[in-house]
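Single-structure report; data block below.
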Amino acid sequence: MTDDRTGAAGEVPLPMADLQRRLAQLTEDNRRLRQANTSLVEALEQRPARQGDDVTENLRTRECLRTVTEEANLLALIARHLENAVFVLGPDGRIEWVNDAFCRTTGHPREDVIGANPGRIARSLTGDLDWGDLGARLETERTVEIETTAVRKDGTPYWIDLQIQLLHADGLEERLLGVLRDVTNRRETEERITAAHRRAEHLAGELSAEKTLLSDVLRSIPHPVYWKDRDLRYAGVNAAFLRVRGCSRGAELLGLRETEIVIMDSLREVLPFAERRVLASRRPVESLRVSIPAAAGPPRQLLLSVLPQVDSQGAVYGVIGVAADVTQVRQLERQLALANRLESIGQLAAGIAHEINTPVQFVSDNTRFVTECCQQIIPALRRLQGHARGTDGQNHGLSPTELAALLDTLDLDFIAEEMPVALSQSLEGLDRVTNIVRAMKDFSHPGGERTNTDLNRAVESTVQVTHNEWKYVADCVTSLHPEVGAVPCYEGEIKQAVLNLIVNAAQAIGEKQERTGSTRRGRITVRTRRVRDTVTIEVADDGPGMTAEVRARIFDPFFTTKPVGRGTGQGLSMVHATIVQKHHGAIEVRSRPGEGAQFVIALPAPRARVHQSVG
């Protein structure tokens, strides 16, 4: 690529002063050459040739002529091959001489230029230059230099740097020497740089405004925000984060690691763990639940996310943490969960009332039977007691015949056979009522906090509460593994999830029976298992099953295959949210049309570590 100041072959254009000096010397040498030639011709014409004439002067003149001619040719060669366009205006104001670069630059061939008035090609030479003004300036200035636009012969615009100077030589008329340089690339570069500067200034202004806005936002938002460098030293915090940590100013944290600050709270342990995971994996750690003790009232609940800060090359140069105070949201969640459970109990209330009514009914009937027996037995016993004591109101005891008749009226064989059975059934019915009431109380318990819960007991109470939903259409079989033990979970929400699965299974079996007209009872199986650090709850049924399309959408909110009025499409959606989002577990569905459905819930449940001491 040709530079504005260097030719294609790499020659450096001659400075204006050197060029002027060389051309002036060339003009003077040409004048001397003409004078010498003239003198020589005149002398030779006037003097006849003689044998032995001294030819020394002749030879000297010829040598001078050769030298001047060589130098003139050399200077002309240099001028023709300069990368800068050079032109000379004669005394008459017409173009007297141009070099090759002039023709290349302006696009005018030499034959169109030599002898032409520069005004005819003024646009090519100097654009809008006023030649009259140029002459006036040359009277006071030795050199006039201008930078302006010009137009080539083909109409292409370009930028030129033009230097014009008067040439003075003894005995010769003044001429104008012009040197023209194409500076289009430089001007375009300068314009691009200027435009880039303007864009940079504009962007800097926008960035400054955005920085101010972001700073205002960070200061005013209620969510705690902080950011750290690669060494996990605090680089910045907002006011909300300072309030959470109990600090009055950022200087208490900036430049320090978590282990170097004096604050002792839950974040001291959680933040380094999450930040190291982010730096190692280059992935965010999201939705960490952290409880922060409050100065007054219950602890504050934070939902914390830690994200990597990545530069343009993809390298992680720090972390940024954002937390949201979800204390009120957690309270609302607990209230909503309790409302859902109470709603479920309300929907099951009629069935539960019927469940209680059945044992209460036969307890009542058996109690009435025992009462009637007692009403017969007690008077007879009193007569026997009086007979034994002689105080039966008669002066003589009962005869054997009377005693036998009295005992016959009591029907002791029937009483001896039925009364124990009635009492046993009554006790069984009361136990049944007790179990139902206990299950209802256990199911409706809020269980708002994450605690170690006897999962088998929770599942068993849920099965008991749903008895009226499945008892008419299916048998419910439970297989609760004793090694399941206590599982850290939100007890009330796990019960609600299991209840939804059992009720859905019972309804699916009932719909199948209605559609096929079958009277065969279905089967619902509820199992719990432990596999290392995972506990599973399985709810399976032998109902109609699901197609692949239905199976793919069952966890979508408001999706249901039930008739209008029988389902809202929220049950399985809630189950998925509870298990996956809140407990970080998993739920798997296996089902084919005609083969029933199987839901398997997997919950993380690490075993307690047992440390043995060595004696």
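Within the range 467-488, restricting attention to residues that are in a loop (DSSP other than H, G, I, E, B) and hydrophobic (A, V, I, L, M, F, W, C), the residue that is surrounded by the most Cβ atoms within 10 Å (Cβ to Cβ) is Val473. Out of all the residues in the range 242-282, which are under 24 Å from Gln301 (Cβ atoms), surrounded by fewer than 16 Cβ atoms within 10 Å (Cβ to Cβ) and under 25 Å from the mean Cα position of the chain (by Cα)? If the condition is that a residue be under 24 Å from Gln301 (Cβ atoms), surrounded by fewer than 16 Cβ atoms within 10 Å (Cβ to Cβ) and under 25 Å from the mean Cα position of the chain (by Cα), then Pro272, Phe273, Arg276, Arg277 are the ones that fit. If the condition is being part of a helix (DSSP H, G or I) and modelled with pLDDT of 70 or more, then the range 301-334 contributes Thr327, Gln328, Val329, Gln331, Leu332.
Just for the range 136-163: of the residues that are of a type in the set (A, V, I, L, M) and in a strand (DSSP E or B), which one is farthest from Gly178 (Cα to Cα)? Looking at the filtered set, the residue picked out is Val151.
For the range 508-556: of the residues being among the acidic types (Asp, Glu) and closer than 18 Å to Val580 by Cα, which is modelled with the lowest pLDDT? Step by step, filter the range 508-556, then rank; the result is Asp556.
Just one residue in the set Asn395, Asn435 is within 30 Å of Thr462 (Cα to Cα), at pLDDT below 80 and not assigned by TED's automatic domain parsing to the domain that holds Ile494; that residue is Asn435. The residue that is nearest to Arg289 (Cα to Cα), counting only those in the range 489-520 that are basic (Lys, Arg) and surrounded by fewer than 24 Cβ atoms within 10 Å (Cβ to Cβ), is Lys512. As for the range 221-231, it holds no residue that is of a type outside the set (S, T, N, Q), assigned to a helix (DSSP H, G or I) and more than 25 Å from Gln328 (Cα to Cα).
Checking each residue in the range 164-208 for being out of contact with any Gly (no Cβ under 7 Å at 6 or more places or on another chain) and surrounded by 18 or more Cβ atoms within 10 Å (Cβ to Cβ) picks out Gln165, Leu176, Leu177, Gly178, Val179, Leu180, Arg181, Asp182, Val183. Among the residues of the range 493-500, is there at least one that is under 25 Å from Thr578 (Cα atoms), among the small types (Gly, Ala, Ser), out of contact with any Cys (no Cβ under 9 Å at 6 or more places or on another chain) and assigned to a helix (DSSP H, G or I)? Looking for residues that are under 25 Å from Thr578 (Cα atoms), among the small types (Gly, Ala, Ser), out of contact with any Cys (no Cβ under 9 Å at 6 or more places or on another chain) and assigned to a helix (DSSP H, G or I), one finds at least one in the range 493-500, hence yes. Just to be sure, is Thr560 out of contact with any helix residue (DSSP H, G or I) (no Cβ under 8 Å at 6 or more places or on another chain) and at pLDDT 90 or above? No, not satisfied. Just a yes or no: is a residue in the range 262-269 over 23 Å from Asp231 (Cα atoms), free of Cβ contacts under 8 Å to residues at least 60 places away in the same chain and among the small types (Gly, Ala, Ser)? No, there is no match, as no residue in the range 262-269 is over 23 Å from Asp231 (Cα atoms), free of Cβ contacts under 8 Å to residues at least 60 places away in the same chain and among the small types (Gly, Ala, Ser). Within the range 82-109, the set of residues being surrounded by fewer than 15 Cβ atoms within 10 Å (Cβ to Cβ) and either closer than 23 Å to Trp159 by Cβ or modelled with pLDDT of 85 or more (or both) comprises Arg104, Pro109.
The values are calculated or read from the model by the stated rules, or taken from the named source; none is laboratory data. Just so you know, these numbers come straight off a predicted model, no measurement behind them. Glycine also receives a Cβ, built like all others from the backbone with ideal geometry; neighbour counts cover every protein chain displayed.
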